[in-house]
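Reviewing the structure listed below.
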Amino acid sequence: MATDEKPVVIRFTHVTKEYKLYKNDKARFKSLFSNKKNYKIKRAVDDLSFELRKGEGMALIGRNGAGKSTILKMITGVSYPTEGEIFVEGTISALLELSSGFDPEADGYENIKLKCSLMGMSDDEIKAVLPDIVEFADIGEYIEQPLRSYSSGMRARLGFAISVNCNPDILIVDEALSVGDRAFRKKCTAKVKEIMADSNVTLLFVTHALATAKDFCQKGIVLEKGKKLYEGNIDDAIEFYDSRN
Amino acid sequence: MIESIKLIFQEHKDFRKQIFMLAKSDLIKIYRGAALGWAWAVIKPLMTLFVFWFGFTVGLRHGKAVNGYPYFLWLVGGFLPWFYMRDMIQGGAECIRKYRYLVTKIKFPISIIPTFTSLSHMVVHLFLLAVGIAGFWIMGFAPDIYYLQIPFYMLLMFLFYEIWGLFAGMMAAISKDFLNLVKATVQALFWLSGVIYNVDTIENPVVRTALKFNPITVIAGGYRKSFIYKEWFWEDKIELACYAATFIVFLFLALWAFKKLRKEIPDVL
């Protein structure tokens, strides 16, 4: 097993994430000034541990509300765990909610530059990948229009184009391959395959399309209500998941 | 506390490049799409100044020359910083909500948002300041040595509203009530500051001193000291002490909010 010797790039150690659910905004505001517990706790991720090594592909499988999106948010650093530790190494490109995360008033070019720069790319690097992104997105003259005039399909295309063309170490794909028309979907799948051919890129895949997961991933984790039910190779994980539903 | 300060500085260091980029794009967005573009940066403030000048000079017949300067120029002296402060009182409170896509979609340090918002308004301020100084010159009042203290007051202003933006932006992200409170207070803060009258001429000493705890009074007064009264900033030490007191209070509030809310805001917005 060659992959076992590769370094760990993502490690969750007993990670728990709780959301505080307040009755309304007023209750939330009040809680700033008192220690009284006026909220309910919703545990989205419950004592989760796993490791992912460089070059591996792992699928997170589970129904809605299993905590998949929360896990991805914590890996990308948007959200913080309530307890436990998360270790992540390398630049992450996340294909989460592709159509959002843009500045609606800025045009396509500006949004590309902004997003790349926020991922920590230098001006030269951005200049180098800009034509690839524009070509991949393939949205024609709209690239010079403000984002608010885009259709949801165009936004997703641009989002996808940026995420896959910025040479990430870790690629996170969240239902993203289901956007756009069939031709674009095919293009996306091909691109992800191409990226994965490079054995140094780590993939985390969240999907309901289990067949696609088999194409990209060797490992699978089955989640339910924030708890890990099963961890193993992808075929077994899918079988386990199917047997429960 | 110390750790929060360290973290804020570290975040600014790591994102120094992006700060200027985001400030630039924030600035462009304000004026893009309008045919007159940048001209609005001058037209809007001029309109406000005209209304106040007309109201006080023609309407109330009160606007007299001050220290040899026409009343209109006296207004300009205090309004120049006020335009920035007005934009930052509300803009600072709104900034994190406005840029929620930076907070909830990608890893981005929250403390950067007030900084580039403030920087973008600062550019408009510098532009207006240049126009203002040119205006004074055209009216026959050339720049003199007292203009050298304008950068000092500018720095005081920038620092205070940076801290205000951090505190208010986070509070408003958590609570819409806070945002509404701020919006409702802008007018009150304007009339309870020295932008439209000279605080030093108020007879009641308690009120006179109380108003100096309002940073708007100190900053607007400071600009007027440079433009009109020809006094140095160290001549009124009580005023500076009042400013420092308010500054420290807000510094603590900002650090408290930062510590308490930093990790919560991405989940709430």
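No lab work stands behind these numbers, since they all come straight from the coordinates. Please read these numbers as outputs of a predicted model, since none were measured by experiment. Every residue, glycine as well, gets a Cβ built from its backbone with ideal geometry; the counts of neighbours run over all protein chains shown.
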Query raised in the report: Any idea what diffusion coefficient chain B gets from Stokes-Einstein, in µm²/s, Kirkwood Rh on alpha carbon pairs, 10 °C, 1.306 mPa s?
Result: 81 µm²/s
Report task. Compute the FRET efficiency between A:Lys42 and B:Trp40 as 1/(1 + (r/R0)^6), taking r as their Cβ-Cβ distance and R0 = 60 Å, and round to the nearest 0.05. Result -> 0.80
Query raised in the report: Can you pull the three principal axis extents for the Cα set of the protein assembly as shown, in Å, largest first?
Result: 87, 55, 38
Query raised in the report: Per the helix-only calculation at 222 nm, which mean residue ellipticity applies to chain A, given -39500 (n - 2.57) for every DSSP H run of n ≥ 4 and division by its residues, nearest 500 deg cm²/dmol?
Result: -11000 deg cm²/dmol
Report summary line: On the formula 1/(1 + (r/R0)^6), with r taken between the Cβ atoms of B:Val66 and B:Tyr31 and R0 of 25 Å, the FRET efficiency rounded to 0.05 is 0.15
Query raised in the report: Using Cα pairs under 8 angstrom and six or more residues apart, how large is the relative contact order of chain A, in percent?
Result: 27 percent
Query raised in the report: What is the diffusion coefficient of the range B:41-196 in µm²/s, taking the Kirkwood radius over Cα pairs and the Stokes-Einstein relation at 4 °C with a viscosity of 1.567 mPa s?
Result: 76 µm²/s
**Report entry** Relative contact order, percent, chain B [alpha-carbon distance under 8 Å, six or more residues apart]
**Finding:** 26 percent
**Report entry** Shape of the range B:148-232, Cα gyration tensor, a/c cut at 1.5
**Finding:** oblate
Report task. Would you mind checking the tilt of helix B:237-261 against the longest principal axis of the Cα atoms of chain B, expressed as 0 to 90 degrees and rounded to 10? Result -> 20 degrees
Query raised in the report: If you build the Cα gyration tensor of the range A:3-90 and take the root of 5 times each eigenvalue, what three semi-axes come out, in whole angstrom, biggest first?
Result: 32, 13, 10
Requested in this report: In whole Å, largest first, what are the principal axis extents of the Cα atoms in the range B:78-118?
Outcome: 40, 13, 9
Report summary line: Final fewest-first order of A:Ile86, B:Ile248, A:Ile112, B:Ile89 on the 10 Å Cβ neighbour count is B:Ile248, A:Ile86, B:Ile89, A:Ile112
Query - Computed [θ] at 222 nm, deg cm²/dmol, chain B (DSSP H ≥ 4; -39,500 (n - 2.57); rounded to nearest 500) - result: -23500 deg cm²/dmol
Report summary line: With the dipole of the range A:117-167 defined by +1 on each Lys or Arg Cβ and -1 on each Asp or Glu Cβ, the option from A:Gly159, A:Ile143, A:Gly120 whose Cα lies farthest towards the positive pole is A:Gly159
Report summary line: Over chain A, the quotient of the Cα radius of gyration and 2.2 N^0.38 Å is 1.08
